[in-house]
Each structure stands twice: as structure tokens, then as C-alpha cells.
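Participant: Got a structure for you, questions after.
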Amino acid sequence: MNANTIVERAVQVQALQVQLANLAMQVPTPPDNALDSHHIGYQEFGLSFHHALALTSLVKIHDSELAASAFALARPMLETLQRGWWFTTCATEAQTQAFIENDAFPIRQVTDVGLAVDALAPFTGTGYFTRLNQAEWNVYHSFTHGGLMALDAYGNRPNLSPDYAPDGILALLDNAQRMSAMAALGMAWIGLIYQPGLTRPIYDAINELGPEIGQWRG
């Protein structure tokens, strides 16, 4: 593999993220009288997007040298994204208030959150989150929590110089691209509820990037 392939891919992903960010920043924020679940969802989407952007930036600037930190961001990137969609489309008022009071998310397993979100619009019938490669996300979980899969990248190298499979880093960048898109789309989905006239062109513009984010059409 060309030594510059990873950085070149990171540059491409970040360019798309900039487009998505410019669109997302045009989405009207939820009004004061919006559902608490929608306020929380909007904030979770922003947090997920920042994780994805930070992940891409680490690879773009440092190539594979700080890939452990990039891998470690993948798990919270996914979890905050799924939570954003769960609060936006699934959460009851009682569940939302319990979260606000106790900071305790009611669903323990990440896969169960994905199943709940995929059962409702705009993901109905797409299997978007349930199609995620569980083995791949297990690797990300290991990096997030300093598990054996993460330590293995350092175990046989001198001076803690990491050893990563380039294809794994490229897959990580692909995931960052998809999650960025779904975070921006989530903001626009909430905007459609409260200010559809202003938000519809933004929502459509995000969808027009579909060929670059996995042929998504919501």
C-alpha cells in the first residue's frame, strides 16, 4: 500500500466533514419549547460529529502514529450518535426525564440501541446500525478501554512504536465519514420537526452527498 494512502484518505474524509459541518451549522437549533429529548438528541449529534472530526484530524496530521487515540474515539463516536437518534426518535418523556435527573442511559447494550433506532424512521428497513461489523466495533471498544486488542499493537515493537494494519485505519476513516453524515442528518431531522421550511433544503443537501456516505437516502 502506498505510504501516503492513509493520510490522503483522511484528507478526503475531512473535506467531506467540512461540507457536512457547513450544512449542519445552518440547521436551526431546537426552540426553547422543543421536547427535551430533541434538545438532548441535537447535542448528542454535535458531540458525535466532534469525535468523528477529531478522529480524522489525528490520522490526517499524524498518519498512523497516534492511531490508538483515533481508534479510541470510534466507540464514543458511535455511542453518542446512536443515543442522539434514540432520543430523537425513540425516547419517551419519562425516559428522557430520568436521564436528565440521573445521567443514566436506560439501554445497556450498544446493539440494542441500534435495533431500536433501526426500527423507526428514517432508518426503517435499512438496518443501518444493525449492519455494523460487531468484530470491528469490539476492536474499537478495546482501544477505548485499554484492552488486549489495543495493547497488541504495541506489544512487539520497540520504544512503543505502534504497529497497525493499514486496512484497519482505512476502515476507521470510512466509519468516521458515515457517522459524520448521520450526525449532520440527525440535526437536520430535528430541524425538520420545528422549522421545516428553513431546514428542508439543508436536509436535502445532506442527502445529496449520499454517494459519498454509503448511498444513504433518508
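The values are calculated or read from the model by the stated rules, or taken from the named source; none is laboratory data. Just so you know, these numbers come straight off a predicted model, no measurement behind them. For neighbour counting, all protein chains shown are included, and Cβ atoms are generated from backbone atoms with ideal geometry for every residue, glycine included. The accessibility values were calculated without ligands, DNA or RNA, using every heavy atom of the protein model including side chains. Shrake-Rupley method; radii C 1.70, N 1.55, O 1.52, S 1.80 Å.
Participant: Working from the alpha-carbon coordinates of region 1-105, get Rg over Rh, Rh being the Kirkwood radius.
Facilitator: My calculation puts Rg/Rh at 1.08.
Participant: Using only helices, what value at 222 nm comes out for the chain when you add -39,500 (n - 2.57) per DSSP H run of length 4 or more and divide by the total residues, to the nearest 500 deg cm²/dmol?
Facilitator: Calculated from helices alone, the mean residue ellipticity at 222 nm is -23000 deg cm²/dmol.
Participant: OK, next. Say a paramagnetic label sat at a point 7 Å from the Cα of ALA165, along Cα to Cβ; which residues of region 130-149 have their backbone N under 11 Å from it?
Facilitator: Flagged as within label range: 136.
Participant: Let me ask another. Relative contact order, percent, of the chain when contacts are C-alpha pairs under 8 Å separated by at least 6 residues?
Facilitator: This gives 32 percent for the chain.
Participant: Given +1 on the Cβ of Lys and Arg, -1 on the Cβ of Asp and Glu, and no further charges, what dipole in debye does the chain carry about its Cα centre, rounded to the nearest 20?
Facilitator: That gives a dipole near 220 debye.
Participant: I would also like to ask the following. Could you give the dipole magnitude of region 18-117 about its Cα centre, charging the beta-carbon of Lys and Arg +1 and that of Asp and Glu -1, in debye to the nearest 20?
Facilitator: It comes to approximately 280 debye.
Participant: Now for a separate question. Work out the length of the dipole vector of region 50-103 about its Cα centre, built from +1 on the beta-carbon of each Lys and Arg and -1 on the beta-carbon of each Asp and Glu, and round it to the nearest 20 debye.
Facilitator: The dipole of region 50-103 has a size of about 160 debye.
Participant: Angle, helix 5-24 long axis vs. longest principal axis of the chain, Cα atoms, 0 to 90°, nearest 10?
Facilitator: 10
Participant: I'd like the distance separating the alpha-carbon centroids of region 70-112 and region 25-69, in whole Å.
Facilitator: 14
Participant: Further question on the same structure: Answer with one residue from GLN43, HIS62, LEU16: the one whose Cα lies farthest towards the positive end of the charge dipole of region 1-77, charges on Cβ with Lys, Arg +1 and Asp, Glu -1.
Facilitator: Toward the positive end, the furthest listed residue is HIS62.
Participant: Which angle from 0 to 90°, rounded to the nearest 10, does the C-alpha axis of helix 166-194 make with the longest principal axis of the chain?
Facilitator: It is inclined by approximately 10 degrees.
Participant: Projected onto the charge dipole of the chain (+1 at Lys/Arg Cβ, -1 at Asp/Glu Cβ, origin at the Cα centre), which of PRO106, PHE123, PRO76 gives the Cα projection farthest towards the positive end?
Facilitator: Value: PHE123.
Participant: Once both axes come from the Cα atoms, what is the angle between helix 196-208 and the longest principal axis of the chain, in degrees from 0 to 90, rounded to 10?
Facilitator: The answer is roughly 30 degrees.
Participant: If I stretch the segment between ASN4 and GLU136 completely, what's the gain in nm (0.36 nm per residue apart, minus their alpha carbon distance), one decimal?
Facilitator: Stretched fully, the ASN4-GLU136 segment lengthens by 45.2 nm.
Participant: What FRET efficiency comes out for PHE105 versus ILE61 if R0 is 22 angstrom and r is the Cβ-Cβ distance? Round to the nearest 0.05.
Facilitator: About 0.10, to the nearest 0.05.
Participant: Summarise the accessible area of the chain (1.4 Å probe, protein heavy atoms) by the percent that is carbon and sulfur.
Facilitator: Carbon plus sulfur share of accessible area: 54 percent.
Participant: Further, regarding this structure: Ranked from the most accessible area to the least, with a 1.4 Å probe and all protein chains present, what is the order of LEU55, LEU192?
Facilitator: Putting LEU55, LEU192 in descending order of accessible area: LEU192, LEU55.
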